[in-house]
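A short worksheet on the structure shown next.
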Amino acid sequence: MASPNNNKSKNQLVSTMIKQGFISNPYLSPSPSPSPPRTSNPPSPIQIPTRPSNSSPTLFEMMSEEQTRESKHSLESRHRTQERVSRVLADAPFPAVGDVRLTIGARDGFKVSMDVHRRVLVGRSRFFAEKLQRNGSHSVEILDCDDVEVYVETLVLMYCDDLKKRLMGENVNKVLGLLKISSAIMFDDGVLACLEYLEAVPWSQQEEEKVVSHLSQLQLPDSAADILQRLVAEPSTSSRSDDILQRLLTGVLHAKDDKARKEMKKVISRLLRENTSNSSSHESNLDISRDTLYHFCHRCLTSLILSLSEATSVDDNRQQDRGVLMGEIAREADNLQWLVDILIDRKMGDEFVKLWAEQKELSILHSKIPTMYRHEISKITAQLCIAIGRGNLLVPKDVRYCLLSTWLESLYDDFGWMKRAGRSIDKKLVEEGLGQTILTLPLAQQQTILLNWFDRFLNKGDDCPNIQRAFEVWWRRSFVKQYTVDSQLQLAIFDYTE
């Protein structure tokens, strides 16, 4: 910066150039005559040259046209910026004659100049108070701005008495820009007004990320931490996550409104699924207890067995009671399906396979209930087979065989109703999952199950799962290409097709 003697020789004119971080300019220039705010001239439209439609463009022509389009886009963008800045300046409270000539320039060369008061800049901004200490006329340039419009609007804010009222109706992105500039020039009232605005208004998910990013980058007062309270849980709240989940599950499983119950099941399942995906990137702070989930599974199983027992003992004269019990059976089965989905998503379902495979009493009661009410129970078996077939449940072969021994006949009996009762079951998925589960068993067990299926399928047709592909795999394993294993675990292959 020039020495004080030089400043006096030039009528104490201070020329300051501020670039990016407000860097001083060593050059002095005479103060320009007062004039109203002005912007650069609008760009003239660019004509893109055309060529005959039947000729192929050369590489040079293609490059030229691309450069021309980019230039046109740049000039159009500058023109739009100029229009927005002109609208801001039209209502700006700037004087016709001021003692500071302020020029703001964008990186693309667009500039806007305006006359402002030194007393306003110095009174509102600690940065300008330091830079413009001497009385007299000044010329200031701020170059390479990211957004000229936001700089101009920040200056307008410095002339306002009621900053809160001025910011009403603005969008979050605009206020974040004003906050950034206000912080850079140490416009403390502007910073506080922007923070109060951000604390009071709702944010979209995209705006939420921008707010967090801006607040973490800027050097702001302690009050900025209050804004993030809507995002940051207290340590005590985080530690009660399992209690909160238990409360939510209890509410859903005992909801009186069936439509609301189904809707909230979808919501909680989606949120837990998001939590599972975030856990892999260490972004989740929700730790769901296996014990909590299995506590609800046991409660639903107990309730289901009780309802089935009562339903089988109700005589024909109490049809109303029987109907209520059938509704309870369908409800508890649906609740179990939901819990099983959560267990599978959380990779905690292996224990439930064993639990379900051991429900001999439930399986016997199931056979005594009309199919139209009990088929929801068989959907649980279908869920487990699909997960086993996909490799999402890893359980020992004796558990897999026990599962099919207990529930396969019930699944066969209810399959027709499962297909017709709604869209919640995918026939192909069930057939594929069941076939793959069978093929994980020892070959002798495969044979027993698949030969029984063969007889049933011939009699029932589409009302029986079509696991023909599994049948063919078993056949090839048994009769086309046989393997033998000696005591040293060496394989020998006998191929009967050769």
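The values are calculated or read from the model by the stated rules, or taken from the named source; none is laboratory data. Remember, predicted model here, so these are calculated numbers, not experimental data. A quick note on method: Cβ atoms are made from the backbone with ideal geometry, for glycine too, and the neighbour counts reach across all protein chains shown. The area values use the complete protein model at the heavy-atom level, side chains included, leaving out ligands, DNA and RNA. Shrake-Rupley method; radii C 1.70, N 1.55, O 1.52, S 1.80 Å.
Using +1 on the beta carbon of Lys and Arg, -1 on that of Asp and Glu, and nothing else charged, what's the dipole of region 305-456 about the Cα centre, debye to 20? Intermediate results must be reported in sequence, preceding the final value.
Working: 19 positive and 22 negative charges, 90 e Å.
Dipole magnitude for region 305-456 comes out near 440 debye.
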> Once phi is turned into θ = phi - 60°, what whole-Hz ³J(HN,Hα) does the Karplus curve with 6.51, -1.76 and 1.60 give for every residue of region 445-459, x standing for Gly and Pro?
Replying inline: 5, 4, 4, 4, 5, 6, 5, 4, 4, 4, 5, 5, 4, 5, 8
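Skip the ligands, DNA and RNA, and give the accessible area per residue of region 63-201 with a 1.4 Å probe, whole Å². Please list the in-between numbers first.
Values: 6520 Å² over 139 residues.
For region 63-201, the solvent-accessible area averages 47 Å² per residue.
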> Gap in Å between the Cα centre of region 435-467 and the Cα centre of region 251-275?
Replying inline: 36 Å
>> 7 Å from Cα along Cα→Cβ at both Leu458 and Val324: what's the point-to-point distance in nm?
In response: 4.9 nm
> Which value, in Å² rounded to 10, gives the accessible area of Asp226 with a 1.4 Å probe and all protein chains present?
Replying inline: 80 Å²
> What accessible area, in Å² to the nearest ten, does a 1.4 Å probe give for Met158?
Replying inline: 10 Å²
> Expressed in nm to one decimal, what extension gain is obtained for the pair Lys397 and Val314 from 0.36 nm per residue of sequence separation less their Cα-Cα distance?
Replying inline: 26.0 nm
>> If I stretch the segment between Ser478 and Leu306 completely, what's the gain in nm (0.36 nm per residue apart, minus their alpha carbon distance), one decimal?
In response: 57.5 nm
> To the nearest 10 square angstrom, what accessible area does Lys397 show with a 1.4 Å probe?
Replying inline: 120 Å²
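Over 25 Å between C-alpha atoms is what I'm after, so list which of Lys210/Lys262; Lys265/Lys347; Lys266/Lys419; Lys266/Lys427; Lys256/Lys428; Lys111/Lys174 land there. Before the final figure, lay out each step's value.
Details: Lys210/Lys262 34 Å; Lys265/Lys347 19 Å; Lys266/Lys419 22 Å; Lys266/Lys427 21 Å; Lys256/Lys428 33 Å; Lys111/Lys174 20 Å.
Beyond 25 Å: Lys210/Lys262; Lys256/Lys428.
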> Taking the simple approach of a point 7 Å from Cα along Cα-to-Cβ for both Asp188 and Lys210, what is their distance in nm?
Replying inline: 2.9 nm
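Ignoring ligands, DNA and RNA, what accessible area per residue does region 318-414 give at 1.4 Å, in Å²?
On the way: 3980 Å² over 97 residues.
The answer is 41 Å² per residue.
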> Taking θ as phi - 60°, what are the ³J(HN,Hα) couplings along region 244-261 by the Karplus curve (6.51, -1.76, 1.60), each to the nearest whole Hz, with x for Gly and Pro?
Replying inline: 5, 4, 4, 5, 5, 5, 4, x, 5, 5, 10, 4, 8, 8, 5, 5, 5, 4
> What chymotrypsin sites (Phe, Trp or Tyr not before Pro) in region 87-192 are in a loop by DSSP, with at most 15 other Cβ atoms within 10 Å of the Cβ?
Replying inline: Tyr159
> If the chain between Arg134 and Ala444 were fully stretched, how many nm would it gain, using 0.36 nm times the residue separation less the Cα-Cα distance?
Replying inline: 101.7 nm
>> Can you give the Rg/Rh ratio of region 406-460, where Rg is from the C-alpha atoms and Rh is the Kirkwood radius?
In response: 0.98
>> Among Met418, Thr406, Pro442, which residue has its Cα furthest toward the positive end of the charge dipole of region 405-452, with +1 on Lys/Arg Cβ and -1 on Asp/Glu Cβ?
In response: Met418
